[in-house]
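Visitor: Here it is: the structure, laid out below.
The values are calculated or read from the model by the stated rules, or taken from the named source; none is laboratory data. Since the model is a prediction, treat every value here as computed from it, not as a measurement. Every residue, glycine among them, receives a Cβ derived from its backbone with ideal geometry; neighbour counts consider all protein chains shown. When the accessible area is computed, the model is the full protein with side chains, heavy atoms only, and any ligands, DNA or RNA have been set aside. Shrake-Rupley method; radii C 1.70, N 1.55, O 1.52, S 1.80 Å.
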Amino acid sequence: EYMGEGSRAMSVVEEPLDLVKLSLDERILVKLKGERELRGKLHAYDQHLNMVLGDVEETVTVEELDEETYETISKTSKRRLELLFVRGDGVILICPPLRTS
């Protein structure tokens, strides 16, 4: 039976957390509430999606209103962190690393 692209990954993913388990020790993208994004190496996680990430780049996007033109301006700030604990209730999306076969 042919399962198409990514069939190897799909065969070991039976529950949502299995996909996270496959990403251990890999660099992942985590989107959080409040327009925050984290890219880092996944060291540990639990069933609540609390995570420990290493070598993290945090990107925060803030929307501001220009008082004169009333245009919305997006401002992005970035910072690097060596180690970060992420609380699971703020997680919106986890993107595993791209796997090419």
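Visitor: Select from the stretch 61-101 the residues that are touching a residue at least 12 places away in the same chain (Cβ under 8 Å), aliphatic (A, V, I, L, M) and farther than 30 Å from residue 18 by Cβ and list them in ascending order. Break it down stepwise before answering.
Guide: Initial filter on the stretch 61-101 (touching a residue at least 12 places away in the same chain (Cβ under 8 Å)): 61-63, 74-97, 99, 101.
Filter once more, keeping what is aliphatic (A, V, I, L, M): 62, 81, 83-84, 86, 91-94.
Listed by number, the list holds a single entry, 62.
Visitor: What number goes with the only condition from (1) open to solvent by 60 Å² or more (accessible area, probe 1.4 Å); (2) assigned to a loop (DSSP other than H, G, I, E, B); (3) at pLDDT 90 or above that residue 49 does not pass?
Guide: (1)
Visitor: Okay, next question. Does residue 26 count as modelled with pLDDT of 95 or more and of a type in the set (D, E, K, R)?
Guide: Yes: the conditions hold for residue 26.
Visitor: Residues to consider are 71, 67; find the one that is of a type in the set (Asp, Glu), open to solvent by 100 Å² or more (accessible area, probe 1.4 Å) and touching a strand residue (DSSP E or B) at 6+ places or on another chain (Cβ under 8 Å).
Guide: 71
Visitor: Kindly indicate whether any position in the stretch 23-37 is under 15 Å from residue 91 (Cα atoms), open to solvent by less than 50 Å² (accessible area, probe 1.4 Å) and among the polar types (S, T, N, Q).
Guide: No, the stretch 23-37 contains no residue that is under 15 Å from residue 91 (Cα atoms), open to solvent by less than 50 Å² (accessible area, probe 1.4 Å) and among the polar types (S, T, N, Q).
Visitor: Out of the stretch 16-46, which residues are farther than 20 Å from residue 82 by Cβ and either aliphatic (A, V, I, L, M) or assigned to a strand (DSSP E or B) (or both)?
Guide: 17, 19, 20, 22, 31
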